[in-house]
Amino acid sequence: MHAFVFRLLLTLLCALCGATASAQSTPAASTLAVALFAQARALENGEGVARDPLTAATLYCEAARQGNADAQYNLAWMYANGRGVARHDGVAAFFFKAAAEQGIAVAQRNLATLGDVAPEMPECMRAPEPEPVPPAPVVVEVMTPVDYSLIAPKKIYDLVHKLSPRFNIEPQLALAIIAAESNFDAAAVSPKNARGLMQLIPETSERFNVGNAFDPTQNIRGGLSYLRWLLSYFEGDVALVAAAYNAGEGTVDRYKGVPPYQETHNYVQRILRTFGAKQHPFEPKVTRPSPLLRR
């Protein structure tokens with residue numbers, strides 16, 4: 001938002017504090033919308049202030065977003081006539097329609113003059129996206145590596161121990177992921193179409209050249225390739241690697257840590273417990289580190 005507009009909104013909010021305290025029956029948002037409309041109209045027409053139609057349009061839109069019909073009509077008129085803003089019949093139709101629905105008859109007539117124009121909502125009417133919830137720390141009190149030789153089918157256990165060193169992955173981490181993902185079922189398919197032992201979605205299979213995700217050898221190779229990439233991307237942080245394997249590296253980046261999903265928290269705790277360590281060696285040359293690790 002333009003600095004002037006921000007200061008103006010702040011001034012209006014402060015000025016309204018007393019008014020809303022003495023008029024409990026009037027919602028604060030409605031009162032603010034009226035004040036925004038009055039200031040916008042003054043700026044549009046240069047009444048006591050320098051004429052500034054762009055700022056007027058910004059204030060009109062804020063008042064319109066709070067349901068002020070007069071602001072909706074005036075802004076529609078500005079867009080319909082290209083007064084102070086670029087002409088846009090779709091936006092004009094949007095605001096004329098909104099004003100008409102609140103009982104402004106002339107808005108309905110003006111809407112009819114635009115003809116068969118589809119209303120188009122401008123960006124200023126869209127509610128701002130909520131800030132991502134900061135991730136809660138993942139706390140694991142006891143780490144006890146699992147002896148997968150007692151749990152995993154011998155064929156899969158041996159295959160993991162054969163392939164893991166080629167990708168510089170500790171077999172214990174790969175086995176922990178397989179246990180959590182498929183419980184060693186090579187034919188497993190998730191509701192999201194993740195397949196095989198390491199539950200590779202089609203995009204990951206394609207990314208790491210896996211032709212048949214149900215083939216144990218191909219699946220493990222693809223999963224190990226992905227783990228090697230994630231370990232490099234998150235510089236060996238097992239919690240972040242596990243979170244990314246479960247929810248995607250993009251989600252971890254967006255939340256700047258383990259996402260606030262119960263499923264992902266449980267998954268991360270399980271991997272940390274059964275792998276038995278918070279860090280894993282990584283290869284820096286595989287990829288650049290995640291933005292959340294860059295200093």
Criterion (touching a helix residue (DSSP H, G or I) at 6+ places or on another chain (Cβ under 9 Å), among the β-branched types (V, I, T) and modelled with pLDDT under 90) met by exactly one of T20, T113: T20
Check on A15, at pLDDT below 90 and aliphatic (A, V, I, L, M): yes
Enumeration of residues in the stretch 201-242 that are aromatic (F, W, Y) and within 19 Å of Y157 (Cβ to Cβ): F214
Test for L159: is it buried (at least 23 other Cβ atoms within 10 Å of the Cβ), at pLDDT 95 or above and either more than 28 Å from the chain's Cα centre (by Cα) or on the phi < 0 side of the Ramachandran plot (or both): no
Selection from the stretch 243-258 of residues that are over 11 Å from the mean Cα position of the chain (by Cα) and either outside any helix (DSSP H, G or I) or of a type in the set (K, R) (or both): G248, K256, G257, V258
Every pair of residues 6+ apart whose Cβ atoms lie under 9 Å, when the first sits in the stretch 116-135 and is in a loop (DSSP other than H, G, I, E, B) while the second is of a type in the set (K, R) and at pLDDT 90 or above: P119/K97; P132/R254; P132/K256; P134/K256; P135/K256
Residue within the stretch 113-124 that is charged (D, E, K, R) and closer than 20 Å to T55 by Cα present: yes
Output for the stretch 242-295, where each listed residue is free of Cβ contacts under 8 Å to residues at least 24 places away in the same chain and over 21 Å from M198 (Cβ atoms): Q262, R294, R295
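Within the stretch 139-151, is there a residue that is in a helix (DSSP H, G or I), out of contact with any strand residue (DSSP E or B) (no Cβ under 7 Å at 6 or more places or on another chain) and among the charged types (D, E, K, R)?
Looking through the stretch 139-151, none of the residues is in a helix (DSSP H, G or I), out of contact with any strand residue (DSSP E or B) (no Cβ under 7 Å at 6 or more places or on another chain) and among the charged types (D, E, K, R).
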Residue within the stretch 218-236 that is within 27 Å of the chain's Cα centre (by Cα), farther than 17 Å from L173 by Cβ and surrounded by fewer than 22 Cβ atoms within 10 Å (Cβ to Cβ) present: no
Lone qualifier among A176, A187 - being in the same structural domain as K278 (by TED's automatic domain parsing) and surrounded by fewer than 19 Cβ atoms within 10 Å (Cβ to Cβ): A187
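The values are calculated or read from the model by the stated rules, or taken from the named source; none is laboratory data. Because the structure is predicted, anything quoted here is derived from the model rather than measured. Every residue, glycine as well, gets a Cβ built from its backbone with ideal geometry; the counts of neighbours run over all protein chains shown.
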